[in-house]
Each structure stands twice: as C-alpha cells, then as structure tokens.
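Worksheet: one structure, shown below.
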Amino acid sequence: MTKELRAIVNTCREDSNLSPVSKIEIYSFFDPFDKDSFKLSAVLSKLRIEYHQYIRIRHILNPSLRVLTKCQAQSTSDRDNIALAFKAAELQGRARAHRFMHLIQNEIIPKRDIVTEDMIAKCIINAGLDYDVYLDDLKNGQLRESLKIDLHIAREMEVEQAPSLVFFNEDIQAEGLKVEGLYPYHIYTYIINEMMGSPIEKSLPPKLCEYIQQKQLVTEEELLTIYEWPEKTLQKELKKLMLQQKVRKLNYPDGEFWKSMM
C-alpha cells in the first residue's frame, strides 16, 4: 500500500464516526488507451453490481493534454476522435456512453487497433445509442467546451494520472478521497464501507452467461474479479458455456478473451 493510499484509508477511518450517508458519488478518470484503466473498468463493474444502491459512478475521459493529443493524433476528423465521440455519446445518457466506451476499449486494448470511424459507428449502435442523433450531436460546438469543463474538474480534484477515482459523500463541505492508480478490489470496498458509516448489504452478480452477454467481450481476469471463483472453477464454467455455443474463446496479442454468442 502506497503512502498516499495509506493516508486515504486513515482518513476514512477518522471520518467513520460521521453521520451515515445514503449515497456515495465516485468520479472515475480514465485513459481509453491505458490497460490499467481497462482493468479498473472490471472493478467498477463489480462495485456497480454489489453496491448499486449506494453509489453513483461518473466516468470522465481524462482530459489531460497527453490523452487529448493522442485522441487527436489517431483521428482524421471529428467522426473518429474518441474524445469527441464519448462526449457526444454522453448527450444520450452517461450509462450508455460508458457502455460505448467499454466496447471501444474492447476493440483497441486487446487487438491493439487504431480507432476508426467504422469502429465507432459499430460501438455506438451496439451500445444502444441512436446513431443519427449521435451524428447530429457530434456537430455540436459545445463538445470541446465540455472537455474544458472536465479539465477544470480534474484540476480542481488535483487528478494527475489515469486511472483515478475520487470518492465523495453527501457532505458538500467534505473533501473527496482520491485514489490514483489501480488497486485490489477490497481497497475500494473498504473506502465505500467506511464512508457509508453504517452496515450495507452487497448484491449478488448475475449468471455468468448473462454477464458475458451484457459485456459482449470480457477477459478471464475480469470474470475472476466479478465472481471471485477459483480459476479452475471459472474455466470449467466457461467450457460448459462454450459447449452450449453461448460463448467462444478469442486469442489476441494481450491474451485470451471470451465473447458472447447470444
């Protein structure tokens, strides 16, 4: 545990005697090209499953100059600029925008692909977004202003790297608790439990097949995070689904992935 994270955990412990809260807001700053940001998405999926009634998660594409420059360098127009695409998708709902970004990361992280207009179009549709509305929103001159607002938020929260999570309770006077980098799942659940200030009950994950169908493409590491099964148990269950032709295994440069066939 790093010195900074130890200080965060100690702060949680010091604040644990505060009045119980009903909701925690989590700001998630991510880099779409970063593997740790991709891995953190599995942690956030598990948090959303287990603590959905206690947390709200807002995903913010890290608006640092390095990230935005890479988004621009990989694009030929606004239609294949991943930063602008994400902001346009947000206009149809943050949950769908996050699903869109997850699908994009499924393409560019394991396959090491370059973002293309066709890739974005496919992910927009698969995420349940209206593509024609998306194209109209992409012409909105306010998208770049929205990125500037995100940059202001990142500066206010002193976020200097991605991935980073900043936790807030309902006390508007209280400072957020910032965790930079990627840590084991129990670190995040500890923070949530301490900030809630009262006992909370976790919800159970969906059936394995349902989760893979929802995500479309997952890593074995993500499934181990979500279900916390022994590796042999997970592999046995995946083989069952493969024999039932509900999933298939794909091999990419960064390892094995499982894709839904439903």
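Regarding Arg112, is this residue in the same structural domain as Gln72 (by the TED database) and under 18 Å from Phe257 (Cα atoms)? Here the answer is yes, as Arg112 does meet what is asked. A search for C-beta distances below 8 Å between a residue of segment 245-260 that is open to solvent by less than 60 Å² (accessible area, probe 1.4 Å) and any residue that is in a strand (DSSP E or B) and of a type in the set (Lys, Arg), counting only pairs 6+ apart in sequence or on different chains, returns Val247/Lys259; Leu250/Lys259; Phe257/Lys249; Trp258/Arg248; Trp258/Lys249. If you take the residues in segment 86-102 that are closer than 15 Å to Gln216 by Cβ and touching a strand residue (DSSP E or B) at 6+ places or on another chain (Cβ under 8 Å), which one is least open to solvent (accessible area, probe 1.4 Å)? Across segment 86-102, the extreme among qualifying residues is Met101.
Restricting Glu175, Glu194 to residues that are crowded, with 18+ Cβ neighbours inside 10 Å and more than 19 Å from the chain's Cα centre (by Cα) narrows the list to Glu194. Among the residues making up segment 109-134, those that are over 22 Å from Pro63 (Cα atoms) and open to solvent by 30 Å² or more (accessible area, probe 1.4 Å) are Lys111, Asp118, Lys122, Ile125, Asn126, Gly128, Asp130, Tyr131, Asp132, Val133. Scanning segment 200-212 for any residue that is among the aliphatic types (A, V, I, L, M) and open to solvent by 40 Å² or more (accessible area, probe 1.4 Å) turns up at least one such residue. Would you mind stating whether Glu222 is at pLDDT below 95, on the phi < 0 side of the Ramachandran plot and not assigned by the TED database to the domain that holds Lys35? Criteria met by Glu222.
Of all residues in segment 150-172, those being of a type in the set (S, T, N, Q) and either modelled with pLDDT under 90 or surrounded by fewer than 17 Cβ atoms within 10 Å (Cβ to Cβ) (or both) number 2.
Can Thr69 be described as β-branched (Val, Ile, Thr), open to solvent by 50 Å² or more (accessible area, probe 1.4 Å) and either outside any loop (DSSP other than H, G, I, E, B) or in contact with a Ser or Thr (Cβ under 6 Å, 6 or more places away or on another chain) (or both)? Taking the combined requirement at face value, the residue satisfies it. Taken over segment 213-227, the residue count meeting the criterion of being touching a residue at least 60 places away in the same chain (Cβ under 8 Å) and either open to solvent by 40 Å² or more (accessible area, probe 1.4 Å) or touching a Leu at 6+ places or on another chain (Cβ under 7 Å) (or both) is 2. The residue that is nearest to the chain's Cα centre (by Cα), counting only those in segment 218-238 that are part of a loop (DSSP other than H, G, I, E, B) and more than 27 Å from Glu25 (Cα to Cα), is Trp229. Number of residues in segment 135-145 that are open to solvent by less than 80 Å² (accessible area, probe 1.4 Å) and modelled with pLDDT under 90 equals 2. Among the residues of segment 209-217, is any within 16 Å of the chain's Cα centre (by Cα), within 25 Å of Tyr27 (Cα to Cα), among the aliphatic types (A, V, I, L, M) and modelled with pLDDT under 90? So far as segment 209-217 goes, yes, one or more of its residues are within 16 Å of the chain's Cα centre (by Cα), within 25 Å of Tyr27 (Cα to Cα), among the aliphatic types (A, V, I, L, M) and modelled with pLDDT under 90.
The values are calculated or read from the model by the stated rules, or taken from the named source; none is laboratory data. Note that this is a predicted model, so its numbers are computed, not measured. Note: ideal-geometry Cβ built from the backbone for every residue, glycine included; neighbour counts use all protein chains shown. Areas reflect the complete protein model, heavy atoms only, side chains present, ligands, DNA and RNA absent. Shrake-Rupley method; radii C 1.70, N 1.55, O 1.52, S 1.80 Å.
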